[in-house]
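One structure below.
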Amino acid sequence: MRRCAAKHSLAGDAFQAAARDHTTESYDYAYVHIMATRDNLNVCSNSFKRNVEPSYPPELARREDGFQHLCDVILGIIDFLGFYLQGIAPAKCT
């Protein structure tokens, strides 16, 4: 449980690092930070799935879902900015 809390804390640090990368237009680095965060968060739920007891605490699951959603949104923004700066029109949302 402590490891998961630490991973969630690191997620906040990674979001800040990605924001710094964004200000310098280092979108590749920002993408790496967010992808690593997403993978780190999966480690927690996967480690609980391997064990029968204890079950994955609901509060951690909710927090992880929130972080995963943030990762998806941030990655979408980075993709859009990358395409925009390269002059490639991204696919329209329908």
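Brief remarks follow.
- Qualifying residue in segment 38-51 (condition: surrounded by 16 or more Cβ atoms within 10 Å (Cβ to Cβ), out of contact with any Pro (no Cβ under 7 Å at 6 or more places or on another chain) and charged (D, E, K, R)): yes
- Enumeration of residues in segment 40-78 that are modelled with pLDDT of 85 or more and charged (D, E, K, R): Glu59, Arg62, Arg63, Glu64, Asp65, Asp72
- Scan of segment 5-23 for residues that are out of contact with any Ser or Thr (no Cβ under 8 Å at 6 or more places or on another chain) and at pLDDT below 85, ordered by number: Ala5, Ala6, Lys7, His8, Ser9, Gly12, His22, Thr23
- The set of residues from segment 15-68 being of a type in the set (Phe, Trp, Tyr) and under 15 Å from the mean Cα position of the chain (by Cα) comprises Phe15, Tyr27, Tyr29, Tyr31, Phe67.
The values are calculated or read from the model by the stated rules, or taken from the named source; none is laboratory data. Given the structure is predicted, the values throughout are model-derived calculations rather than measurements. Positions of Cβ are backbone-derived with ideal geometry, glycine not excepted, and every protein chain shown enters the neighbour counts.
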